[in-house]
1. Which of the three applies to chain B, rounded, prolate or oblate, going by the alpha-carbon gyration tensor with a ≥ b ≥ c and a/c under 1.5 meaning rounded?
2. In deg cm²/dmol and to the nearest 500, what is the mean residue ellipticity at 222 nm of chain B if only DSSP H runs of at least 4 residues count, each as -39500 (n - 2.57), divided by the residue total?
3. Equivalent ellipsoid semi-axes for the stretch B:89-202, as square roots of 5 times the alpha carbon gyration tensor eigenvalues: give them largest first, rounded to whole Å.
4. Looking at chain A only, what percent of DSSP beta bridges run antiparallel? Nearest 5 please.
5. Per residue of B:184-196, count partner chain C-beta atoms within 10 Å of its C-beta, then hand back the mean as an integer.
6. Give me A:GLU186, A:GLU219, A:GLU16 sorted ascending by neighbouring Cβ count inside 10 Å, so fewest comes first.
7. 7 Å from Cα along Cα→Cβ at both B:ASP197 and A:VAL152: what's the point-to-point distance in nm?
8. For a quick check: sort B:MET182, B:MET39 by the number of other beta carbons within 10 angstrom, fewest at the front.
2 protein chains.
Amino acid sequence: MRYELYYWPSIQGRGEFVRLALEDAGAAYVDVARRPRGMAAMLRLMESGTPKQPPFAPPFLKAGRLVIAQTANILLFLGPRLGLAPRSEAGRLWVHQLQLTIADWVTEAHDVHHPVGAGLYYEDQKREAKRRAREFRASRMAKFLDYFGEVVARHRGARVTYADLSLFQMIAGLRYAFPRAMARLERRRAWVAALHDRMAGRPRIRAYLASPRRIPFNEHGIFRHYPELDD
Amino acid sequence: MRYELYYWPSIQGRGEFVRLALEDAGAAYVDVARRPRGMAAMLRLMESGTPKQPPFAPPFLKAGRLVIAQTANILLFLGPRLGLAPRSEAGRLWVHQLQLTIADWVTEAHDVHHPVGAGLYYEDQKREAKRRAREFRASRMAKFLDYFGEVVARHRGARVTYADLSLFQMIAGLRYAFPRAMARLERRRAWVAALHDRMAGRPRIRAYLASPRRIPFNEHGIFRHYPELDD
């Protein structure tokens, strides 16, 4: 099966969680919108290409005749097919539950720089962003980190799933956006660097991160480095 | 199967999307935290009751030995069992995709009154809330409504799923929180009232809404009526 991923071509964004799973599995896929005329194809598919089941927003995945949207839903579908989720229903629900909690965290990380709304520029909501960033750094980051720290501790030695790869992406993103806060938070949480490095060291992920397919972090995506929002 | 739902006992909140599915199906369930000593049982289960698979937050559902968290994940599990989702994988992914988009909408509706953070009181973020509410009413409400209007139009006559019940809850909540904005938006969107009334008129839902099991909307939940945030 050759998958087609549709996502904005200039950011990691939510599409990156899908890319990491596809790359780790060595799956055959096309990152459609990054090819010539790919953006037009993506917009066409959003507007009229799927008459019965339109996606609300990218990313979405074409797999044969299926068009699947919502990041966590795409991973729910891909997980067992890529060998990145358990086969049992209970196991798949558990990994999906983790992914949905990561999705909540992603939204919170994004909204730090867009607390008033995604329709306005960061520059037009800087004051609100500063307040939200303080709250995020002071309580939310530690709360999520400690939850996942507990999960990682309880599942030591378990097979790698797409949720592990997503957690790697979360850590990489937070380090990029909040280097000082993360340095502080990682001081007593050795599992963070350990998990990050374990995933970054997987052969296909290492090759991917070093390739031009990995879009660098930038100030248009979810994780943005605005020093005024860091510790 | 007798299900156990764990959720905060004094609000509809995210638990309500699960309650509506259970009620519509006439399922046997216990709303644990609303019973004597139920809150203690919920907190105990969160802290130590599920050593391998802890939930990040309520709601969560106990089904035999399974403990499932994340609203949309619970509905993914319950859907086929309650006759509220298609049996095919493609059908289940589609309904789940809709539910995840509703979940995003729920988060945005909540964050209107908590744009800086859930850890602070509304009173301490009123100024930010006013700006966010303006953005939500001016663009986000119509965007989500029109997406779901399109979906409803394309699936006329299809069997009712848990996503229809969740959409009913969304409409009821937005009408409570933003009565003036919703009146304005519904003027040219007749499908909104039609869907709301079709769901509210289902015998078990009608009985549920009239029962003491339906917690009234209030200013502690997701949908809060603060007149200063409405049109």
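Throughout, read-outs are computed from the coordinates displayed, never taken from laboratory work. Remember, it's a predicted structure, so these values are computed and weren't measured experimentally. Virtual Cβ from ideal backbone geometry, glycine too; neighbours counted across all protein chains shown.
1. Here chain B falls in the oblate category.
2. -16500 deg cm²/dmol
3. 27, 16, 12
4. 70 percent
5. 0
6. A:GLU219, A:GLU186, A:GLU16
7. 5.5 nm
8. The fewest-first ordering by Cβ neighbours comes to B:MET39, B:MET182.
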